[in-house]
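The values are calculated or read from the model by the stated rules, or taken from the named source; none is laboratory data. This one's a predicted model, so the numbers in the text were calculated from it and none came from an experiment. Glycine gets a Cβ as well: all are built from the backbone with ideal geometry, and neighbour counts include every protein chain shown. SASA here: full protein model, heavy atoms, side chains in, ligands and nucleic acids out. Shrake-Rupley method; radii C 1.70, N 1.55, O 1.52, S 1.80 Å.
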Amino acid sequence: MGDENNTAIDENRKLQDIFLEAWDQYEFLDETTIDTNSSEYQNKVKDGIKNFELATTIVSQVNMFSANEFIDEVPTESLQYLLLPFFLGKLTLKCHKEERLDVLRKAEVYFKDFLQRCQNYELCDGPKKNTDEESSQTSGCIDTTQQLIASAVARNNKIAQFRRKKELEEQIKKMRVAVRSESVDDEIKRNFFLNFLQKNIIEANEELQDIKLEKSVVEMRKQRMAEFGTTRMDDCILPPGSVAGPGVPAIGGPSGHSHSHGNGHLHHHHHHGAAPKPKPMQPFIITKDATQKAVFGMGYPSLPVMSVDEFYQQRVHEGIFPDEEKMARINAEKALAAAQDPEEKEEEEKAAMEEKIENDDPENLERMRRMDEYRDVVRRGDGNRHNRS
């Protein structure tokens, strides 16, 4: 019996050593200034992935986790191994020697596996529905106000997630050194791993969104390469009679060679730059005859000599009309106010009032004194008694 216990202890120690070594490799790769395309960097990425895969194999063999248990039932030393698929996904994204689309698909599987494990232990909510498809189907039924409210809610959620992530990072930074010590309290160690899991849940969701966007770009580039042999838009279609520019292969001919036309001179390659913004057209008055033209000439004071945009900008400079940035800020504040829960707003107002009372705010005290004086002078029910019997 004693030999079996010693064997189990050796296996646990070996697993922890492998995991901590891989974790140190991950942190080194995350902070180093080595070129990510260099052989040294890529070899370290492969070593880290190899160690994490070995640790994953050991965890699977001993059936460390179960979908039927709660997070409180998981031992503190086992919590760290829930991070294995997250670390594998992060290191997989650092692989630059393989096909990018395969790398993205593999990393996506790891991140989804990590979130599924956390969901099984009720550490996070389930996967959200595909909002892009729903929005495309109901785009005709949603008015501008609802779109503004939805955008404001999404923005508030992102800000809340960002703040939550920063708070977790600060807590993790304070506890990181103490956790590596063998004499650390079990509760501190457990809180560290739980906070680390919460932070990486937020980061895994962000990575999945980035992977989704990058996959669409990579697939589009791959499709364009298959159709046209290039990923540049201006190389795919050339106008009739034109020749590709220097270093750009022309369709129908080998790269680096161009054909001459007529007298042997090449057509000039047109660079499609951004066209300058045309000046707004000045309004003018059309007269019927020379007499009216003389009356409505340039000396006439009511002749419009500026556009509507110029007139509005002039009024903005004079301080009569509001600035465009100010109007955009006002509209954004209105959208946020519409998206805010009324009960939450009421609670914030109550909290602000209580804070003023506790801090003896002079303006609040003066207002309350004036209110007491008014109540002393004006009795309840006094007011406009005109036409009252």
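Listing for the model above:
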read-out	value
GluC sites (Glu not before Pro) within the range 153-218, DSSP loop, no more than 11 other Cβ atoms inside 10 Å	182
Efficiency of FRET from Cβ geometry, residue 150 and residue 353, R₀ 35 Å, rounded to 0.05	0.65
Residue-span extension gain [residue 185 to residue 378] - 0.36 nm each, minus C-alpha spacing	63.0 nm
Sites residue 41 and residue 214 - FRET efficiency at Förster radius 22 Å, r taken between beta-carbons, to 0.05	0.65
Exposure of residue 144 as accessible area (Å², to 10), given a probe of 1.4 Å and all protein chains	100 Å²
Listed residue pairs exceeding 20 Å between alpha carbons, taken from 90/212; 112/199; 112/212; 326/356; 50/97; 50/189	326/356; 50/189
Extension gain from residue 333 to residue 100, taking 0.36 nm per residue of separation minus the Cα-Cα distance	79.7 nm
